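See below for the structure under consideration.
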Amino acid sequence: MIVEIITYKNILNKLGELVQNSPFKMEHIIRETGIKPATFYRKMKASSFTPDEALEIAKIISPKEAYLFELKESIRSAKEDYKAGRLTKHHDVIEEIKRELL
């Protein structure tokens, strides 16, 4: 557990640099996170983003990585559903879509 905490601290310490070097404007990142600008800059300077805030920032500055992660998680979840027998028949899915669209 100590290794994970140290790794997280190192990530927080580098997050400000990653944000500044990202191809996105700072205003965009701040707006997307929903953190007030003064608070964002203070947290960036102090490396004090919460884990949820750091994750949100990472998703913003690395959208391809975020998309691939979400896709892999979705596939993993689908495999677990399949193994557990949580399935829906094709016909039932089509009928549900028809009800929603019509």
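Brief remarks follow.
- Residues of the range 21-53 that are within 18 Å of THR7 (Cα to Cα) and in contact with a helix residue (DSSP H, G or I) (Cβ under 6 Å, 6 or more places away or on another chain): MET44, SER47, PHE49.
- All of (1) closer than 19 Å to ILE29 by Cβ; (2) at pLDDT below 95 hold for ARG99 with one exception: (1).
- Residues of the range 47-102 that are among the polar types (S, T, N, Q) and either touching a Ser or Thr at 6+ places or on another chain (Cβ under 7 Å) or not in a helix (DSSP H, G or I) (or both): SER47, SER48, THR50, SER62, THR88.
- Test result for LYS72, surrounded by fewer than 11 Cβ atoms within 10 Å (Cβ to Cβ), basic (Lys, Arg), within 27 Å of ARG31 (Cβ to Cβ) and without any contact (Cβ under 8 Å) to a residue 60 or more places away in the chain: no
The values are calculated or read from the model by the stated rules, or taken from the named source; none is laboratory data. Everything numeric in this text was worked out from a predicted model, so none of it was measured. Please note: Cβ atoms are built from the backbone with ideal geometry, for glycine as well, and neighbour counts cover all protein chains shown.
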